[in-house]
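Written below as structure tokens is the structure these notes are about.
The values are calculated or read from the model by the stated rules, or taken from the named source; none is laboratory data. Owing to the predicted nature of the structure, the values given are computational and were not obtained by experimental measurement. Reconstructed Cβ throughout: ideal geometry from the backbone, glycine too, with neighbour counts over all protein chains shown. For the accessible areas, the whole protein counts, side chains as well, though only heavy atoms, and no ligand, DNA or RNA atoms are used. Shrake-Rupley method; radii C 1.70, N 1.55, O 1.52, S 1.80 Å.
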Amino acid sequence: MSTKYGKLQQQFLCCYPVNKMAWSSVKLPLNWEDQQELLAATCGHPMNQCYPVRRSYLEAFLKHLMLLLGDQEDLHDDIYSSLCGPMAENKASTGSSTYAYKHYLLDPGAHITLRESTSFVAEGTTGLCTWEAALALGDYLLQHRDVVRGKNIVELGAGAGLLGIMLKLPALQLQVGQVLLTDGSEPCVQLMRENISLNFPDTPKEQIPQAEQLNWAAVSKFPWDSYAKTDLLMAADVIYDDSQFDALLGAMDYLYSRRGGELETLLASTVRNVDTLHKFMTQLGDSGYKVTPCANVSACASHFCRDHTAAVQIISIRR
């Protein structure tokens with residue numbers, strides 16, 4: 001990671017909102033060499049050259065940079081060439097703008113690259129991109145490693161696969177057991193498998209996350225006996241739609257019936273509608289579950305670049 005522009009680099013690669021980036025780290029005026037260093041740390045980073053962020057984000061970043069530089073006469077040629085020219089050909093190009101990449105730089109020396117949809121809703125699902133609650137839960141797990149150490153983990157509604165990939169990264173040394181990522185959407189499962197292959201190109205199958213389609217309403221038909229006994233359930237941003245509550249609770253009931261008091265669920269939810277969240281909490285209580293709030297990781301201790309102004313609630317669920 002570039003030392004002078006390390007925070008900007010981390011934010012750019014994961015497409016953090018341009019207007020909230022660490023622009024204060026840019027000390028004006030920027031001479032030619034400083035501009036070149038900043039561009040090399042962001043647009044010109046090898047990860048972005050190989051697996052580029054979405055074009056609209058790149059343009060927004062460069063336009064903000066040009067606005068910041070203002071009346072400087074000496075603007076680096078690469079700013080204009082990156083903004084006006086076509087994207088350089090690279091091995092990740094698919095000929096489609098419906099997908100692009102994000103790169104999450106984590107300490108120590110670990111990173112995750114995800115192919116994601118450029119739209120919040122695509123192919124009939126919201127799961128083809130990473131949402132704020134997954135980043136918050138990822139921060140929580142990195143801060144509380146004992147929660148996952150030695151555990152066999154199943155994620156419900158895993159979307160693009162961020163959390164499962166993070167749990168299995170060798171550089172993070174989280175020492176988890178088997179990780180099974182599930183989603184009800186076939187496009188999500190296919191995307192997860194692509195992202196797993198992208199992040200574990202030469203790793204034996206038994207050492208990487210597995211991804212399978214799981215319909216909550218048909219949870220008992222899933223081949224659970226082919227996988228290790230579940231110790232921990234995870235889910236992020238899965239309770240925004242109250243029409244899915246019964247199916248989700250039914251799936252949880254089935255899994256808890258198999259493991260009883262040995263099973264714990266960690267659920268992270270962005271607080272969009274307080275009434276919807278309250279409704280789910282009420283149904284949890286009515287179903288005999290005990291809910292314990294979990295403290296969010298502070299901005300200064302966060303491993304992921306995320307918007308800490310967005311309210312995210314993390315809870316532990318036991319029976």
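On inspection, Ser243 fails the criterion of being within 23 Å of Gly177 (Cα to Cα) and open to solvent by 60 Å² or more (accessible area, probe 1.4 Å). The sole residue among Gly184, Gly177 that is in the same structural domain as Gly138 (by the TED database) and closer than 23 Å to Tyr99 by Cβ is Gly184.
Yes/no matrix, rows are residues, columns are (1) open to solvent by 80 Å² or more (accessible area, probe 1.4 Å); (2) more than 12 Å from Tyr51 (Cα to Cα); (3) touching a His at 6+ places or on another chain (Cβ under 8 Å); (4) at pLDDT 85 or above:
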residue: Gly70; (1), (2), (3), (4): no, yes, no, yes
residue: Asp78; (1), (2), (3), (4): no, yes, no, yes
residue: Ser81; (1), (2), (3), (4): no, yes, no, no
residue: Cys84; (1), (2), (3), (4): yes, yes, no, no
residue: Ala88; (1), (2), (3), (4): no, no, no, no
residue: Ala92; (1), (2), (3), (4): no, no, no, no
residue: Ser97; (1), (2), (3), (4): yes, yes, no, no
residue: His103; (1), (2), (3), (4): no, no, yes, yes
residue: Leu106; (1), (2), (3), (4): no, yes, yes, yes
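Selection of first residues in the range 16-37 that are open to solvent by less than 40 Å² (accessible area, probe 1.4 Å) and of second residues that are in a helix (DSSP H, G or I) and of a type in the set (Phe, Trp, Tyr), restricted to Cβ pairs under 7 Å at least 6 apart or on distinct chains, gives the following pairs, ordered by first then second residue: Val18/Phe61. The set of residues from the range 295-310 being under 10 Å from Ala136 (Cβ atoms) and in contact with a strand residue (DSSP E or B) (Cβ under 7 Å, 6 or more places away or on another chain) comprises Asn296, Phe304, Ala310.
Can you tell me how many residues within the range 157-197 are part of a helix (DSSP H, G or I) and either at positive phi or touching a Lys or Arg at 6+ places or on another chain (Cβ under 8 Å) (or both)? Spell out the reasoning first.
Keep residues of the range 157-197 that are part of a helix (DSSP H, G or I), which gives 162-168, 170-172, 186-197.
Remaining after also requiring either at positive phi or touching a Lys or Arg at 6+ places or on another chain (Cβ under 8 Å) (or both): 191, 194-195.
Number satisfying all stated conditions: 3.
Before we move on, is Leu191 buried (at least 16 other Cβ atoms within 10 Å of the Cβ), in contact (Cβ under 8 Å) with a residue 40 or more places away in the chain and farther than 27 Å from Asn273 by Cα? Steps first, please.
Numbers: buried (at least 16 other Cβ atoms within 10 Å of the Cβ): yes; in contact (Cβ under 8 Å) with a residue 40 or more places away in the chain: yes; farther than 27 Å from Asn273 by Cα: yes.
Yes: the conditions hold for Leu191.
Against the criterion of being open to solvent by less than 50 Å² (accessible area, probe 1.4 Å) and in contact with a His (Cβ under 9 Å, 6 or more places away or on another chain), Ala171 qualifies.
Quick grid of which residues meet (1) within 18 Å of the chain's Cα centre (by Cα); (2) at pLDDT 95 or above:
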{"site": "Asn152", "(1), (2)": "no, yes"}
{"site": "Gly161", "(1), (2)": "yes, yes"}
{"site": "Asp202", "(1), (2)": "no, no"}
{"site": "Asp225", "(1), (2)": "no, yes"}
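Every condition in (1) touching a Pro at 6+ places or on another chain (Cβ under 9 Å); (2) surrounded by fewer than 24 Cβ atoms within 10 Å (Cβ to Cβ) is met by Ile165 except one, and the failing one is (2).
Scanning the range 145-156 for residues that are open to solvent by 20 Å² or more (accessible area, probe 1.4 Å) and in contact (Cβ under 8 Å) with a residue 24 or more places away in the chain yields Arg145, Val147, Arg149, Gly150, Lys151, Asn152.
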